[in-house]
């Protein structure tokens, strides 16, 4: 298959506007059903980072917000697309209107910004507990092809006819089926016949959101493929997801490493306090 164009699905907004960015849908199904279904995915939240970009007119560097989505996987941890965090600062997840700064962000080592579709995954840490009632386990099988999936994210919305052409600040979710896997990504497309209920595709702004098989996180929304050179989520386009099953060991290993670092710092601080406790009585003796 010849890919004529790839579009990484993040959105840049100039200045300080706090604009929330769903996906495209079956034109035969009301949009309200996708919005209602989106509420069932509290683990998928908005992601924001700051980047410096050239002004369109002056070419001078200006501040911009890079908006997308993220998936919370543990009380202090989330996954997003690597292209959302690379060359960006002040990474933040916005959950229920509250900001959760991400002081520790780790991009998969082999990710390259200019090599679309490879290793587009990043692990993020929040010092504040996300306090979800349920955290989706990571899908660790290699049998994703032909599986029914659920996709959720914040992005432009529209239909498979119009493409993603509107923004209204709501999360959307829907279904599809994995057609194939290639280059470490999982791929699906919109159907005109034999449609699934709430059939759905990702659109710009959905980057970093989640693709689920059952209750397990199986993919991270990454990019669109379009042979018509218009990657907007219409018929003929394909949604691509970073294949989470290939990165389970890396995610779990890095979380464990971080835990050991925190534990080590805590132990060192405890040793200092114990030493002070032994010294202080000596200094205070007559």
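Hey, how much of the P(r) for the stretch 137-187 falls beyond 12 Å, as a percent of Cα pairs?
Counting pairs separated by more than 12 Å, the tail of P(r) holds 73 percent.
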Revision key, fill the gap. Residues 188, 124 in order from fewest to most other beta-carbon atoms within 10 Å are 188, 124
Study note, to complete from the structure: For the stretch 6-246, using Cα atoms only, the Rg and Dmax in Å read 16.4, 51
Review point. In whole Å, what is the distance between the alpha-carbon centres of the stretch 142-194 and the stretch 51-123?
Key: 21 Å
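Ranked by Cβ crowding within 10 angstrom, fewest neighbours first, how are 213, 178 ordered? Write out the running numbers ahead of the final one.
Numbers: 213 20, 178 23.
In increasing order of surrounding Cβ atoms, one gets 213, 178.
Suppose R0 equals 35 Å; then what is the FRET efficiency for residue 145 and residue 58 from their Cβ-Cβ distance, rounded to the nearest 0.05?
On the way: r = 49 Å, r/R0 = 1.39.
Step by step, r from the Cβ atoms, then E = 0.10.
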Study note, to complete from the structure: Distribution output for the stretch 112-238: share of Cα-Cα pairs per 5 Å bin in percent, first bin at 0, values 2, 10, 19, 25, 21, 14, 7, 2, 1, 0
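Arranged by the count of other C-beta atoms within 10 angstrom, fewest first, what order do 253, 69, 126, 148 take?
On the way: 253 10, 69 30, 126 22, 148 14.
Ordered by Cβ neighbours within 10 Å, fewest first: 253, 148, 126, 69.
Provide the gained length on full extension for the span residue 104 to residue 192, in nm with one decimal, where the gain is 0.36 nm per separating residue minus the Cα-Cα distance.
Values: separation 88, 0.36 × 88 = 31.68 nm, distance 4.32 nm.
Full extension from residue 104 to residue 192 adds 27.4 nm.
What translational diffusion coefficient, in µm²/s and rounded to a whole number, does the Stokes-Einstein relation yield for the stretch 121-162 at 4 °C and a viscosity of 1.567 mPa s, taking the hydrodynamic radius as the Kirkwood radius over Cα pairs?
Values: Rh = 14.8 Å.
Value of D from the Cα-based Kirkwood radius: 87 µm²/s.
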Check your understanding: Assuming R0 = 22 Å, what is the FRET efficiency of residue 135 and residue 263, from their Cβ-Cβ distance, to the nearest 0.05?
Key -> 0.55
**Study point:** Calculated FRET efficiency for the pair residue 255/residue 112, C-beta based, R₀ 22 Å, to 0.05
**Key:** 0.40
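Test of understanding: what is the full-extension gain from residue 215 to residue 39, defined as 0.36 nm times their sequence separation minus their Cα-Cα distance? List each step's numbers first, then the result.
On the way: separation 176, 0.36 × 176 = 63.36 nm, distance 1.47 nm.
Additional length available on full extension: 61.9 nm.
Bear in mind that the values in this text are calculations on the coordinates, not laboratory data. Bear in mind the structure is a predicted one, so any value in this text is a computation, not a measurement. Cβ: placed from backbone, ideal geometry, glycine included. Neighbour counts: every protein chain shown.
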